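These notes are about the structure you will find just below.
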């Protein structure tokens, strides 16, 4: 890592932390930045998962009004996401670099499309469609936290959409809950990757520092979020990046 590379990761981390904790897709900014400074795909994903832990404390501090009175609820459901995060990390540790290179374009595209699908899911909630929510919440959180531990691009947006359908349709409150749930899964995933994998700390430190700074602003932005602009901008960047990755992987 050169000083220039560290500066790139610091700025990218701040942007990713802000966008991710405001309701966007963190990895669609941080992951390309890691590739841009020369970190290989699989190693970049490990760095990204570990650095994402830095978003948890910042978003918690910035979301205290929205999290008031939610302690018991969070204790229950963070346990579910923690289990899923551990499973996702185990899956990542067993994946070869070659296979990961070919999977990533589809994961990125899926994350971007999930962001575009969020308004329709929220509209269903506003129409009063809550059927199956007793199964959808635990099942959805477990599946999405496994995905978060494995790669994670778009997992936050998908969790946000799930919470807005099954728990609370207020964007800022649902976003604050999402940040805590994703944070729990990220912590467990990071611990597993640090214990059993190889982590490039020279990349984690500047990226994580930027994410911490950005996450202090993200929930505040969510309170005044210009949803369509942010949603389309991040989604289009994600789809474009998925195409680039697909070309690089030989599709």
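Each value in this text was obtained by applying a stated rule to the coordinates, not by laboratory testing. These numbers were taken from a predicted model, which means no experiment stands behind them. For neighbour counting, all protein chains shown are included, and Cβ atoms are generated from backbone atoms with ideal geometry for every residue, glycine included.
Values for this structure:
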item: Contour excess over end-to-end distance, with Cα ends at residue 73 and residue 102 and 0.36 nm allotted per residue; result: 6.7 nm
item: The chain: angle of helix 133-150 to the longest principal axis, Cα-based, in degrees nearest 10; result: 10 degrees
item: Stokes-Einstein D for region 140-193, Kirkwood Rh over Cα pairs, 4 °C, 1.567 mPa s (µm²/s); result: 118 µm²/s
item: Centroid-to-centroid separation of region 57-112 and region 1-20 [C-alpha atoms, Å]; result: 20 Å
item: Folded to 0 to 90 degrees: helix 227-248 orientation relative to the chain principal axis, Cα; result: 30 degrees
item: Tail beyond 18 Å, pair distance distribution of region 10-112 (Cα, percent); result: 56 percent
item: Neighbour-count order for 70, 102, fewest beta carbons within 10 angstrom listed first; result: 102, 70
item: Quarter of Cα convex hull surface for the chain, i.e. mean projection, nm²; result: 12.2 nm²
item: Cα Rg, Dmax, region 58-110, angstrom units; result: 16.5, 46
item: Acute angle (nearest 10 degrees) that the helix 155-166 long axis makes with the longest principal axis of the chain, alpha-carbon atoms; result: 10 degrees
